[in-house]
Amino acid sequence: MQNIIGLKTLRENMEQYAKKVAAGKTFIIFKQSKPLFKIAPLEDERWEETADFTKIKKGGVNIDEVLARL
């Protein structure tokens, strides 16, 4: 089932909707009575964690530092 919400509502409650999407819900986002986009859980199971840079340094690692070492 798809739920319809306004863009402003999504912006003001992003964390709440992110949790709902992670739990499997899908939303159609509208602005001025026109559909803009849909947010939905990822269905592609090919995603995998390759590196968690927050475990190396709190807040992550600067991308320029990573690229400089490649």
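Here are the numbers:
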read-out: Failed item in (1) modelled with pLDDT under 95; (2) touching a Phe, Trp or Tyr at 6+ places or on another chain (Cβ under 9 Å); (3) surrounded by 11 or more Cβ atoms within 10 Å (Cβ to Cβ), with Gln2 passing the rest; value: (3)
read-out: Number of the exception - Leu10 against (1) modelled with pLDDT of 95 or more; (2) among the hydrophobic types (A, V, I, L, M, F, W, C); (3) loosely packed, with under 10 Cβ neighbours inside 10 Å; value: (3)
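The values are calculated or read from the model by the stated rules, or taken from the named source; none is laboratory data. Here the structure is a predicted model, which means the values were calculated and not measured. No Cβ is skipped: glycine too gets one built from the backbone with ideal geometry, and neighbour counts run over all protein chains shown.
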